[in-house]
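Written below as C-alpha coordinates is the structure these notes are about.
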Amino acid sequence: MSANTTRQVQKSLIHQAWPILIAQWAGMSFAVLDTMMLGNFNAQSLQAMSLAASIFITVNISLTGVIHALIPICSQLFGANKTEEIGVLWGQGIWIALFLSLSFGLLLLFPDIWLSFSGEVSPEVRAEVKNYLLISFFAVPASLMFRAVYSLCTSTSRPKHVMYINVASIFIKAFLNWVLIFGHFGLPALGSTGAAISTMLVSWFTFIFGLWIVFSDDYYQQFKLRLGLPNIKHFIEILKLGLPMGGSYLVEVSAFTFMALLAAREGMHVSGGHQIMANLAALLYMMPQAIGVATAALSAQAIGRRDFPLSYLISKQGLLIGFMGAFISSALVFFGKPFILFLYTSDVAVAAMAASLLVLMPFFHILDYFQCIITYILRAHKIATIPFVTQTVLLSGLGLGGGYYFGYGPGQGQLAWLSTIVTPGAAIGVSSLWIMCCTALMLCGLILASWYKIVIHRLLNEK
(Lines give C-alpha, C1' and ligand atoms only; values in the text may rest on other atoms or scores of the structure.)
Protein backbone atom coordinates (compact mmCIF):
# COMPACT_ATOMS: atom_id res chain seq x y z
CA MET A 1 0.00 0.00 0.00
CA SER A 2 1.23 3.49 -0.85
CA ALA A 3 1.86 6.26 1.66
CA ASN A 4 -1.10 8.13 0.19
CA THR A 5 -3.40 5.15 0.83
CA THR A 6 -2.12 4.93 4.40
CA ARG A 7 -2.89 8.60 4.99
CA GLN A 8 -6.36 8.17 3.54
CA VAL A 9 -6.99 5.22 5.86
CA GLN A 10 -5.79 7.24 8.85
CA LYS A 11 -8.11 10.11 7.91
CA SER A 12 -11.03 7.73 7.44
CA LEU A 13 -10.41 6.09 10.81
CA ILE A 14 -10.18 9.42 12.62
CA HIS A 15 -13.24 10.74 10.75
CA GLN A 16 -15.17 7.64 11.83
CA ALA A 17 -13.75 7.35 15.34
CA TRP A 18 -14.05 10.84 16.78
CA PRO A 19 -17.87 11.04 16.61
CA ILE A 20 -18.06 7.54 18.10
CA LEU A 21 -15.69 8.63 20.87
CA ILE A 22 -17.74 11.70 21.71
CA ALA A 23 -20.91 9.61 21.63
CA GLN A 24 -19.28 7.03 23.92
CA TRP A 25 -18.06 9.70 26.31
CA ALA A 26 -21.49 11.28 26.31
CA GLY A 27 -23.10 7.95 27.14
CA MET A 28 -20.46 7.21 29.77
CA SER A 29 -21.03 10.63 31.30
CA PHE A 30 -24.17 9.23 32.89
CA ALA A 31 -22.07 7.14 35.28
CA VAL A 32 -19.64 10.02 35.78
CA LEU A 33 -22.46 12.43 36.62
CA ASP A 34 -24.00 9.91 39.01
CA THR A 35 -20.67 9.24 40.74
CA MET A 36 -19.74 12.91 41.08
CA MET A 37 -23.18 14.07 42.25
CA LEU A 38 -23.75 11.20 44.66
CA GLY A 39 -20.16 11.57 45.90
CA ASN A 40 -21.21 15.03 46.99
CA PHE A 41 -24.57 13.85 48.30
CA ASN A 42 -23.52 11.21 50.85
CA ALA A 43 -21.30 8.13 51.09
CA GLN A 44 -24.27 5.79 51.56
CA SER A 45 -25.89 6.73 48.26
CA LEU A 46 -22.50 6.58 46.53
CA GLN A 47 -22.01 3.01 47.75
CA ALA A 48 -25.57 2.05 46.78
CA MET A 49 -25.08 3.46 43.30
CA SER A 50 -21.69 1.78 43.01
CA LEU A 51 -23.24 -1.61 43.72
CA ALA A 52 -26.49 -1.14 41.80
CA ALA A 53 -24.91 0.49 38.75
CA SER A 54 -22.36 -2.33 38.55
CA ILE A 55 -25.19 -4.87 38.45
CA PHE A 56 -27.21 -2.86 35.91
CA ILE A 57 -24.20 -2.31 33.68
CA THR A 58 -23.35 -6.02 33.80
CA VAL A 59 -26.77 -6.99 32.47
CA ASN A 60 -27.25 -4.08 30.07
CA ILE A 61 -23.79 -4.10 28.50
CA SER A 62 -23.83 -7.88 28.07
CA LEU A 63 -27.09 -7.68 26.15
CA THR A 64 -25.75 -4.71 24.21
CA GLY A 65 -22.94 -6.93 22.94
CA VAL A 66 -25.50 -9.22 21.30
CA ILE A 67 -27.10 -6.31 19.41
CA HIS A 68 -23.68 -4.99 18.39
CA ALA A 69 -23.29 -8.06 16.18
CA LEU A 70 -25.17 -5.91 13.67
CA ILE A 71 -22.06 -3.72 13.24
CA PRO A 72 -19.76 -6.25 11.49
CA ILE A 73 -22.71 -7.95 9.76
CA CYS A 74 -24.14 -4.74 8.33
CA SER A 75 -20.67 -3.31 7.61
CA GLN A 76 -19.83 -6.30 5.40
CA LEU A 77 -23.20 -5.99 3.66
CA PHE A 78 -22.61 -2.27 3.17
CA GLY A 79 -19.19 -2.96 1.64
CA ALA A 80 -20.79 -5.54 -0.68
CA ASN A 81 -23.54 -3.00 -1.60
CA LYS A 82 -26.34 -5.24 -0.27
CA THR A 83 -28.28 -2.32 1.17
CA GLU A 84 -31.77 -3.80 1.43
CA GLU A 85 -30.50 -6.75 3.48
CA ILE A 86 -29.31 -4.20 6.04
CA GLY A 87 -32.86 -2.90 6.46
CA VAL A 88 -34.19 -6.42 7.07
CA LEU A 89 -31.53 -7.30 9.64
CA TRP A 90 -31.98 -3.97 11.42
CA GLY A 91 -35.64 -4.80 12.06
CA GLN A 92 -34.70 -8.25 13.34
CA GLY A 93 -32.21 -6.56 15.66
CA ILE A 94 -35.07 -4.52 17.15
CA TRP A 95 -37.02 -7.74 17.82
CA ILE A 96 -34.01 -9.38 19.45
CA ALA A 97 -33.51 -6.29 21.63
CA LEU A 98 -37.09 -6.55 22.87
CA PHE A 99 -36.87 -10.27 23.58
CA LEU A 100 -33.58 -9.91 25.44
CA SER A 101 -34.76 -6.97 27.55
CA LEU A 102 -37.96 -8.73 28.62
CA SER A 103 -36.17 -11.98 29.50
CA PHE A 104 -32.65 -11.41 30.76
CA GLY A 105 -33.58 -7.96 32.04
CA LEU A 106 -35.47 -9.75 34.79
CA LEU A 107 -32.11 -10.44 36.43
CA LEU A 108 -32.24 -6.88 37.75
CA LEU A 109 -35.24 -7.74 39.90
CA PHE A 110 -33.28 -10.09 42.17
CA PRO A 111 -30.69 -7.85 43.88
CA ASP A 112 -30.13 -10.11 46.89
CA ILE A 113 -28.48 -12.74 44.67
CA TRP A 114 -25.95 -10.19 43.45
CA LEU A 115 -25.39 -8.67 46.88
CA SER A 116 -24.57 -12.07 48.38
CA PHE A 117 -21.05 -11.52 47.01
CA SER A 118 -20.64 -8.29 48.98
CA GLY A 119 -20.75 -9.64 52.52
CA GLU A 120 -22.40 -7.37 55.06
CA VAL A 121 -24.27 -4.52 53.39
CA SER A 122 -26.44 -2.24 55.54
CA PRO A 123 -30.25 -2.48 55.17
CA GLU A 124 -30.35 1.16 54.07
CA VAL A 125 -27.91 0.54 51.22
CA ARG A 126 -29.76 -2.64 50.23
CA ALA A 127 -33.03 -0.73 50.00
CA GLU A 128 -31.44 1.88 47.72
CA VAL A 129 -29.93 -0.83 45.52
CA LYS A 130 -33.31 -2.54 45.17
CA ASN A 131 -35.04 0.70 44.13
CA TYR A 132 -32.28 1.56 41.66
CA LEU A 133 -32.48 -1.82 39.92
CA LEU A 134 -36.27 -1.87 39.77
CA ILE A 135 -36.31 1.47 37.96
CA SER A 136 -33.40 0.42 35.73
CA PHE A 137 -35.40 -2.59 34.51
CA PHE A 138 -37.63 -0.20 32.57
CA ALA A 139 -34.61 1.45 30.93
CA VAL A 140 -33.28 -1.77 29.37
CA PRO A 141 -35.71 -2.07 26.39
CA ALA A 142 -35.03 1.49 25.24
CA SER A 143 -31.28 1.09 25.76
CA LEU A 144 -31.07 -2.11 23.68
CA MET A 145 -33.32 -0.90 20.86
CA PHE A 146 -31.22 2.23 20.61
CA ARG A 147 -28.20 -0.02 20.10
CA ALA A 148 -29.80 -1.28 16.89
CA VAL A 149 -29.97 2.35 15.75
CA TYR A 150 -26.35 2.84 16.86
CA SER A 151 -25.24 -0.22 14.90
CA LEU A 152 -26.98 0.98 11.75
CA CYS A 153 -25.40 4.44 11.90
CA THR A 154 -21.94 3.11 12.71
CA SER A 155 -21.84 0.34 10.11
CA THR A 156 -22.93 2.69 7.32
CA SER A 157 -20.38 5.40 8.21
CA ARG A 158 -22.81 7.86 9.80
CA PRO A 159 -21.56 7.92 13.42
CA LYS A 160 -22.23 11.65 13.83
CA HIS A 161 -25.94 10.95 14.16
CA VAL A 162 -25.33 8.88 17.28
CA MET A 163 -23.03 11.61 18.57
CA TYR A 164 -25.76 14.25 18.26
CA ILE A 165 -28.20 12.08 20.19
CA ASN A 166 -25.82 11.23 23.02
CA VAL A 167 -24.52 14.78 23.43
CA ALA A 168 -28.07 16.09 23.71
CA SER A 169 -28.78 13.46 26.35
CA ILE A 170 -25.96 14.74 28.59
CA PHE A 171 -27.74 18.01 29.31
CA ILE A 172 -31.04 16.26 30.00
CA LYS A 173 -29.34 13.75 32.31
CA ALA A 174 -27.43 16.44 34.21
CA PHE A 175 -30.55 18.52 34.73
CA LEU A 176 -32.69 15.59 35.84
CA ASN A 177 -29.93 14.42 38.20
CA TRP A 178 -29.71 17.86 39.77
CA VAL A 179 -33.46 17.95 40.27
CA LEU A 180 -33.98 14.38 41.46
CA ILE A 181 -30.82 13.61 43.45
CA PHE A 182 -30.69 16.81 45.49
CA GLY A 183 -34.39 17.68 45.41
CA HIS A 184 -35.32 20.90 43.59
CA PHE A 185 -38.57 22.49 42.40
CA GLY A 186 -40.33 21.15 45.47
CA LEU A 187 -39.33 17.52 44.87
CA PRO A 188 -37.72 15.39 47.62
CA ALA A 189 -34.01 14.57 47.51
CA LEU A 190 -34.01 11.00 46.16
CA GLY A 191 -30.27 10.28 46.06
CA SER A 192 -29.43 7.13 44.09
CA THR A 193 -33.11 6.54 43.28
CA GLY A 194 -33.22 9.90 41.54
CA ALA A 195 -30.16 8.96 39.49
CA ALA A 196 -31.91 5.77 38.34
CA ILE A 197 -35.07 7.63 37.35
CA SER A 198 -33.13 10.14 35.28
CA THR A 199 -31.24 7.34 33.48
CA MET A 200 -34.49 5.57 32.63
CA LEU A 201 -36.10 8.73 31.21
CA VAL A 202 -33.03 9.64 29.15
CA SER A 203 -32.77 6.09 27.75
CA TRP A 204 -36.22 6.42 26.21
CA PHE A 205 -35.37 9.87 24.89
CA THR A 206 -32.29 8.58 23.05
CA PHE A 207 -34.22 5.72 21.44
CA ILE A 208 -37.10 7.91 20.25
CA PHE A 209 -34.71 10.58 18.96
CA GLY A 210 -32.70 7.87 17.17
CA LEU A 211 -35.79 6.50 15.45
CA TRP A 212 -36.72 9.97 14.29
CA ILE A 213 -33.30 10.49 12.73
CA VAL A 214 -33.11 7.22 10.77
CA PHE A 215 -36.66 7.52 9.45
CA SER A 216 -36.48 11.22 8.56
CA ASP A 217 -33.01 11.32 6.96
CA ASP A 218 -33.06 10.56 3.21
CA TYR A 219 -29.72 8.73 3.47
CA TYR A 220 -31.32 5.81 5.31
CA GLN A 221 -34.08 5.37 2.73
CA GLN A 222 -31.76 3.17 0.64
CA PHE A 223 -31.88 0.48 3.33
CA LYS A 224 -35.70 0.30 3.38
CA LEU A 225 -35.77 -0.05 7.15
CA ARG A 226 -38.65 -2.17 8.39
CA LEU A 227 -39.58 -4.15 11.47
CA GLY A 228 -41.21 -7.10 9.76
CA LEU A 229 -42.10 -10.29 11.60
CA PRO A 230 -39.58 -12.19 13.74
CA ASN A 231 -37.55 -14.47 11.45
CA ILE A 232 -35.72 -17.47 12.89
CA LYS A 233 -33.17 -17.55 10.07
CA HIS A 234 -32.14 -13.94 10.68
CA PHE A 235 -32.22 -14.45 14.45
CA ILE A 236 -29.72 -17.31 14.08
CA GLU A 237 -27.48 -15.20 11.82
CA ILE A 238 -27.35 -12.36 14.36
CA LEU A 239 -27.15 -14.54 17.46
CA LYS A 240 -24.41 -16.76 16.01
CA LEU A 241 -22.12 -13.76 16.22
CA GLY A 242 -24.00 -11.83 18.88
CA LEU A 243 -24.02 -14.43 21.65
CA PRO A 244 -20.22 -14.80 21.88
CA MET A 245 -19.92 -11.01 21.52
CA GLY A 246 -22.38 -10.57 24.35
CA GLY A 247 -20.42 -13.18 26.28
CA SER A 248 -17.24 -11.16 25.80
CA TYR A 249 -19.02 -8.01 26.96
CA LEU A 250 -20.31 -9.94 29.97
CA VAL A 251 -16.87 -11.22 30.90
CA GLU A 252 -15.33 -7.76 30.62
CA VAL A 253 -17.98 -5.90 32.55
CA SER A 254 -18.69 -8.64 35.12
CA ALA A 255 -15.05 -8.49 36.13
CA PHE A 256 -15.69 -4.89 37.24
CA THR A 257 -19.03 -5.83 38.78
CA PHE A 258 -17.61 -8.56 40.99
CA MET A 259 -14.59 -6.41 41.79
CA ALA A 260 -17.02 -3.79 43.12
CA LEU A 261 -18.95 -6.41 45.07
CA LEU A 262 -15.74 -7.82 46.58
CA ALA A 263 -14.33 -4.37 47.35
CA ALA A 264 -17.43 -3.67 49.44
CA ARG A 265 -16.08 -6.23 51.93
CA GLU A 266 -13.34 -3.79 52.92
CA GLY A 267 -15.72 -1.01 53.83
CA MET A 268 -17.52 2.00 52.44
CA HIS A 269 -14.44 4.09 51.74
CA VAL A 270 -12.61 1.30 49.91
CA SER A 271 -15.77 0.67 47.89
CA GLY A 272 -16.01 4.36 47.02
CA GLY A 273 -12.33 4.58 46.07
CA HIS A 274 -12.65 1.51 43.87
CA GLN A 275 -15.75 3.00 42.21
CA ILE A 276 -13.77 6.10 41.22
CA MET A 277 -10.96 3.93 39.81
CA ALA A 278 -13.41 1.70 37.92
CA ASN A 279 -15.42 4.65 36.67
CA LEU A 280 -12.32 6.39 35.34
CA ALA A 281 -11.09 3.15 33.74
CA ALA A 282 -14.42 2.80 31.96
CA LEU A 283 -14.27 6.43 30.83
CA LEU A 284 -10.77 5.99 29.41
CA TYR A 285 -11.85 2.74 27.75
CA MET A 286 -14.16 4.76 25.52
CA MET A 287 -11.24 5.91 23.35
CA PRO A 288 -9.87 2.48 22.39
CA GLN A 289 -13.43 1.21 22.08
CA ALA A 290 -14.35 4.04 19.69
CA ILE A 291 -11.24 3.39 17.61
CA GLY A 292 -11.94 -0.33 17.77
CA VAL A 293 -15.54 0.13 16.54
CA ALA A 294 -14.37 2.44 13.73
CA THR A 295 -11.59 0.03 12.78
CA ALA A 296 -13.97 -2.94 12.78
CA ALA A 297 -16.59 -1.12 10.70
CA LEU A 298 -14.15 0.07 8.03
CA SER A 299 -12.25 -3.22 8.03
CA ALA A 300 -15.50 -5.18 7.65
CA GLN A 301 -16.54 -2.97 4.75
CA ALA A 302 -13.24 -3.83 3.04
CA ILE A 303 -13.81 -7.52 3.80
CA GLY A 304 -17.25 -7.25 2.20
CA ARG A 305 -15.51 -6.00 -0.95
CA ARG A 306 -12.98 -8.87 -0.63
CA ASP A 307 -10.15 -6.34 -0.32
CA PHE A 308 -8.11 -8.10 2.38
CA PRO A 309 -4.91 -6.03 2.01
CA LEU A 310 -6.93 -2.87 2.69
CA SER A 311 -8.61 -4.55 5.66
CA TYR A 312 -5.18 -5.42 7.06
CA LEU A 313 -3.94 -1.86 6.56
CA ILE A 314 -7.00 -0.47 8.34
CA SER A 315 -6.41 -2.82 11.28
CA LYS A 316 -2.74 -1.85 11.62
CA GLN A 317 -3.54 1.86 11.50
CA GLY A 318 -6.31 1.38 14.03
CA LEU A 319 -3.84 -0.18 16.44
CA LEU A 320 -1.36 2.67 15.89
CA ILE A 321 -3.92 5.42 16.41
CA GLY A 322 -5.27 3.57 19.45
CA PHE A 323 -1.83 3.39 21.04
CA MET A 324 -1.30 7.12 20.57
CA GLY A 325 -4.65 7.83 22.20
CA ALA A 326 -3.96 5.47 25.11
CA PHE A 327 -0.56 7.04 25.74
CA ILE A 328 -2.01 10.57 25.84
CA SER A 329 -4.87 9.47 28.12
CA SER A 330 -2.47 7.76 30.52
CA ALA A 331 -0.31 10.89 30.70
CA LEU A 332 -3.35 13.04 31.50
CA VAL A 333 -4.31 10.73 34.37
CA PHE A 334 -0.78 10.65 35.72
CA PHE A 335 -0.36 14.42 35.83
CA GLY A 336 -3.98 15.33 36.55
CA LYS A 337 -4.69 13.03 39.49
CA PRO A 338 -5.31 15.78 42.11
CA PHE A 339 -7.84 17.53 39.85
CA ILE A 340 -9.55 14.24 39.01
CA LEU A 341 -10.01 13.40 42.69
CA PHE A 342 -11.31 16.91 43.40
CA LEU A 343 -14.02 16.39 40.77
CA TYR A 344 -15.05 12.96 41.99
CA THR A 345 -15.42 13.29 45.75
CA SER A 346 -15.26 15.58 48.79
CA ASP A 347 -14.72 12.62 51.16
CA VAL A 348 -11.07 12.62 52.29
CA ALA A 349 -10.91 8.88 53.03
CA VAL A 350 -12.46 7.93 49.67
CA ALA A 351 -10.07 10.31 47.85
CA ALA A 352 -7.04 8.79 49.62
CA MET A 353 -8.03 5.26 48.63
CA ALA A 354 -8.70 6.29 45.03
CA ALA A 355 -5.34 8.12 44.85
CA SER A 356 -3.50 4.94 45.81
CA LEU A 357 -5.27 2.86 43.17
CA LEU A 358 -4.84 5.45 40.40
CA VAL A 359 -1.08 4.86 40.41
CA LEU A 360 -1.85 1.66 38.50
CA MET A 361 -4.20 3.28 35.98
CA PRO A 362 -1.69 4.11 33.17
CA PHE A 363 -0.48 0.49 33.04
CA PHE A 364 -4.01 -0.87 33.14
CA HIS A 365 -5.18 1.46 30.37
CA ILE A 366 -2.36 0.63 27.93
CA LEU A 367 -3.01 -3.09 28.34
CA ASP A 368 -6.77 -2.60 28.06
CA TYR A 369 -6.44 -0.61 24.82
CA PHE A 370 -4.49 -3.37 23.07
CA GLN A 371 -6.81 -6.27 23.86
CA CYS A 372 -9.85 -4.09 23.10
CA ILE A 373 -8.86 -3.12 19.55
CA ILE A 374 -7.56 -6.60 18.68
CA THR A 375 -10.92 -8.02 19.78
CA TYR A 376 -12.83 -5.61 17.53
CA ILE A 377 -10.54 -6.39 14.59
CA LEU A 378 -11.35 -10.09 14.96
CA ARG A 379 -15.07 -9.28 15.10
CA ALA A 380 -14.75 -7.50 11.74
CA HIS A 381 -13.91 -10.97 10.39
CA LYS A 382 -16.96 -12.36 12.22
CA ILE A 383 -14.68 -14.09 14.72
CA ALA A 384 -16.17 -13.73 18.19
CA THR A 385 -15.94 -17.15 19.84
CA ILE A 386 -12.14 -17.17 20.20
CA PRO A 387 -12.07 -13.75 21.94
CA PHE A 388 -14.94 -14.87 24.18
CA VAL A 389 -13.19 -18.06 25.28
CA THR A 390 -9.84 -16.30 25.76
CA GLN A 391 -11.39 -13.49 27.79
CA THR A 392 -13.41 -15.91 29.87
CA VAL A 393 -10.37 -17.96 30.85
CA LEU A 394 -8.05 -15.03 31.46
CA LEU A 395 -10.19 -12.11 32.62
CA SER A 396 -12.59 -14.19 34.71
CA GLY A 397 -10.26 -17.00 35.71
CA LEU A 398 -6.85 -15.42 36.14
CA GLY A 399 -7.92 -11.82 36.63
CA LEU A 400 -10.99 -12.01 38.85
CA GLY A 401 -10.30 -15.50 40.25
CA GLY A 402 -6.65 -14.72 40.92
CA GLY A 403 -7.57 -11.37 42.44
CA TYR A 404 -10.01 -13.06 44.79
CA TYR A 405 -7.44 -15.72 45.73
CA PHE A 406 -4.71 -13.21 46.61
CA GLY A 407 -7.03 -10.51 47.95
CA TYR A 408 -9.72 -12.32 49.91
CA GLY A 409 -9.13 -16.09 49.60
CA PRO A 410 -6.51 -18.62 50.75
CA GLY A 411 -3.63 -16.57 49.31
CA GLN A 412 -4.72 -13.34 51.00
CA GLY A 413 -1.77 -11.05 51.58
CA GLN A 414 0.68 -12.89 49.32
CA LEU A 415 0.71 -9.94 46.90
CA ALA A 416 1.13 -7.39 49.67
CA TRP A 417 4.77 -6.79 48.70
CA LEU A 418 3.73 -5.88 45.17
CA SER A 419 0.74 -3.84 46.32
CA THR A 420 2.95 -1.58 48.42
CA ILE A 421 5.00 -0.83 45.30
CA VAL A 422 2.32 -0.29 42.63
CA THR A 423 -0.59 0.93 44.81
CA PRO A 424 0.97 2.32 48.01
CA GLY A 425 -1.61 2.87 50.74
CA ALA A 426 -4.39 0.88 49.04
CA ALA A 427 -6.28 -1.92 50.77
CA ILE A 428 -4.66 -5.28 50.00
CA GLY A 429 -7.83 -6.91 48.68
CA VAL A 430 -8.81 -4.33 46.09
CA SER A 431 -5.17 -3.79 45.11
CA SER A 432 -4.75 -7.51 44.42
CA LEU A 433 -7.83 -7.43 42.19
CA TRP A 434 -6.41 -4.66 40.01
CA ILE A 435 -2.94 -6.22 39.80
CA MET A 436 -4.28 -9.58 38.63
CA CYS A 437 -6.61 -7.87 36.18
CA CYS A 438 -3.60 -6.16 34.55
CA THR A 439 -1.81 -9.51 34.26
CA ALA A 440 -4.84 -11.09 32.59
CA LEU A 441 -5.22 -8.22 30.11
CA MET A 442 -1.60 -8.51 29.03
CA LEU A 443 -1.88 -12.24 28.27
CA CYS A 444 -5.27 -11.80 26.59
CA GLY A 445 -3.95 -9.17 24.19
CA LEU A 446 -0.95 -11.29 23.22
CA ILE A 447 -3.04 -14.39 22.50
CA LEU A 448 -5.66 -12.54 20.42
CA ALA A 449 -2.97 -10.70 18.45
CA SER A 450 -1.37 -14.03 17.60
CA TRP A 451 -4.72 -15.41 16.46
CA TYR A 452 -5.35 -12.40 14.20
CA LYS A 453 -1.91 -12.82 12.66
CA ILE A 454 -2.85 -16.37 11.65
CA VAL A 455 -6.21 -15.27 10.22
CA ILE A 456 -4.92 -12.36 8.14
CA HIS A 457 -1.91 -14.32 6.88
CA ARG A 458 -4.27 -16.98 5.50
CA LEU A 459 -6.53 -14.42 3.83
CA LEU A 460 -3.66 -12.48 2.27
CA ASN A 461 -2.20 -15.66 0.85
CA GLU A 462 -5.60 -16.60 -0.60
CA LYS A 463 -5.84 -13.19 -2.24
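One line per residue, one yes/no per condition, for (1) assigned to a helix (DSSP H, G or I); (2) among the polar types (S, T, N, Q); (3) more than 27 Å from S116 (Cα to Cα):
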{"site": "G228", "(1), (2), (3)": "no, no, yes"}
{"site": "L261", "(1), (2), (3)": "yes, no, no"}
{"site": "M287", "(1), (2), (3)": "yes, no, yes"}
{"site": "T295", "(1), (2), (3)": "yes, yes, yes"}
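Could you check, for the stretch 29-52, whether at least one of its residues is open to solvent by less than 40 Å² (accessible area, probe 1.4 Å) and closer than 30 Å to L310 by Cβ?
Looking through the stretch 29-52, none of the residues is open to solvent by less than 40 Å² (accessible area, probe 1.4 Å) and closer than 30 Å to L310 by Cβ.
Among the residues of the stretch 415-463, count how many are exposed (fewer than 15 other Cβ atoms within 10 Å of the Cβ) and outside any helix (DSSP H, G or I).
3
If you scan the stretch 1-56, which residues turn out to be in contact (Cβ under 8 Å) with a residue 24 or more places away in the chain and of a type in the set (K, R)?
None - no residue of the stretch 1-56 is in contact (Cβ under 8 Å) with a residue 24 or more places away in the chain and of a type in the set (K, R), so the list stays empty.
Looking only at residues that are open to solvent by 40 Å² or more (accessible area, probe 1.4 Å) and in contact with a helix residue (DSSP H, G or I) (Cβ under 7 Å, 6 or more places away or on another chain) in the stretch 397-411, which one is modelled with the highest pLDDT?
L398
For the stretch 265-297, give me each residue that is over 20 Å from the mean Cα position of the chain (by Cα) and of a type in the set (A, V, I, L, M, F, W, C).
M268, V270
Okay, residues lined up against (1) assigned to a helix (DSSP H, G or I); (2) under 22 Å from the mean Cα position of the chain (by Cα):
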site	(1), (2)
A349	yes, no
F364	yes, yes
Q371	yes, yes
K382	no, yes
S396	yes, yes
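Output yes when any residue across the stretch 379-387 is at pLDDT 90 or above, open to solvent by 30 Å² or more (accessible area, probe 1.4 Å), basic (K, R) and in contact with a Leu (Cβ under 8 Å, 6 or more places away or on another chain), and no when none is.
yes
Mind listing just one residue for me: the one in the stretch 359-375 that is of a type in the set (F, W, Y) and in contact with a Cys (Cβ under 7 Å, 6 or more places away or on another chain) and, of those, least open to solvent (accessible area, probe 1.4 Å)?
Applying the filter and picking the extreme gives F364.
Can you find, within the stretch 123-158, the residue that is modelled with the lowest pLDDT among those that are over 23 Å from L180 (Cα atoms) and polar (S, T, N, Q)? Give the derivation first.
First, the residues of the stretch 123-158 that are over 23 Å from L180 (Cα atoms): 144-158.
Imposing the further condition that a residue be polar (S, T, N, Q) reduces the set to 151, 154-157.
Numbers: S151: 94, T154: 92, S155: 91, T156: 91, S157: 87.
Here the answer is S157.
Would you please name the residue that is least open to solvent (accessible area, probe 1.4 Å), looking only at residues in the stretch 216-251 that are among the aromatic types (F, W, Y) and farther than 13 Å from L152 by Cβ?
Here is the first cut: in the stretch 216-251, the residues among the aromatic types (F, W, Y) are 219-220, 223, 235, 249.
Within this subset, residues satisfying the condition of being farther than 13 Å from L152 by Cβ are 235, 249.
Working: F235: 28, Y249: 13 Å².
Among them, the one singled out is Y249.
Under the condition of being among the small types (G, A, S) and within 30 Å of A264 (Cβ to Cβ), which residue from the stretch 78-117 is most open to solvent (accessible area, probe 1.4 Å)?
Going through the qualifying residues, I end up with S116.
For residues in the stretch 316-358 being of a type in the set (V, I, T) and either at pLDDT 85 or above or at positive phi (or both), which is most open to solvent (accessible area, probe 1.4 Å)?
In this case the residue turns out to be I328.
Do you know which residues across the stretch 256-297 are small (G, A, S), within 30 Å of Q16 (Cα to Cα) and surrounded by fewer than 22 Cβ atoms within 10 Å (Cβ to Cβ)? Quick ask: steps written out before the conclusion?
In the first step, residues of the stretch 256-297 are kept if they are small (G, A, S); the result is 260, 263-264, 267, 271-273, 278, 281-282, 290, 292, 294, 296-297.
With the extra rule that they be within 30 Å of Q16 (Cα to Cα), the set shrinks to 278, 281-282, 290, 292, 294, 296-297.
Answer for the stretch 256-297, where residues must be small (G, A, S), within 30 Å of Q16 (Cα to Cα) and surrounded by fewer than 22 Cβ atoms within 10 Å (Cβ to Cβ): A281, A282.
Report every pair of residues separated by at least 6 positions or lying on different chains whose Cβ atoms are under 7 Å apart, first residue within the stretch 222-240 and β-branched (V, I, T), second open to solvent by less than 50 Å² (accessible area, probe 1.4 Å).
Close Cβ pairs satisfying both conditions: I238/A69; I238/L70; I238/I73; I238/L89; I238/Q92; I238/G93; I238/I96.
Please tell me if E120 is open to solvent by 50 Å² or more (accessible area, probe 1.4 Å), modelled with pLDDT under 90 and outside any helix (DSSP H, G or I).
yes
Limited to the stretch 185-225, what total is found for residues that are charged (D, E, K, R) and touching a Phe, Trp or Tyr at 6+ places or on another chain (Cβ under 8 Å)? Break it down stepwise before answering.
Looking only at the stretch 185-225, we keep the residues that are charged (D, E, K, R), and these are 217-218, 224.
Within this subset, residues satisfying the condition of being touching a Phe, Trp or Tyr at 6+ places or on another chain (Cβ under 8 Å) are none.
Number of matching residues: 0.
Under 9 Å by Cβ, and 6 or more places apart or on different chains, what pairs join a residue from the stretch 152-177 that is without any contact (Cβ under 8 Å) to a residue 24 or more places away in the chain with one that is assigned to a helix (DSSP H, G or I)?
Qualifying pairs under 9 Å: F175/S198.
Mind counting the residues in the stretch 15-28 that are modelled with pLDDT of 80 or more, within 26 Å of S346 (Cβ to Cβ) and surrounded by fewer than 22 Cβ atoms within 10 Å (Cβ to Cβ)?
1
The values are calculated or read from the model by the stated rules, or taken from the named source; none is laboratory data. No experiment lies behind these values; they were computed from the predicted model shown. Here the Cβ is made from the backbone with ideal geometry for all residues, glycine too, and neighbour counts use every protein chain on show. Please note that ligands, DNA and RNA were not included when accessible areas were found on the heavy atoms of the full protein model with its side chains. Shrake-Rupley method; radii C 1.70, N 1.55, O 1.52, S 1.80 Å.
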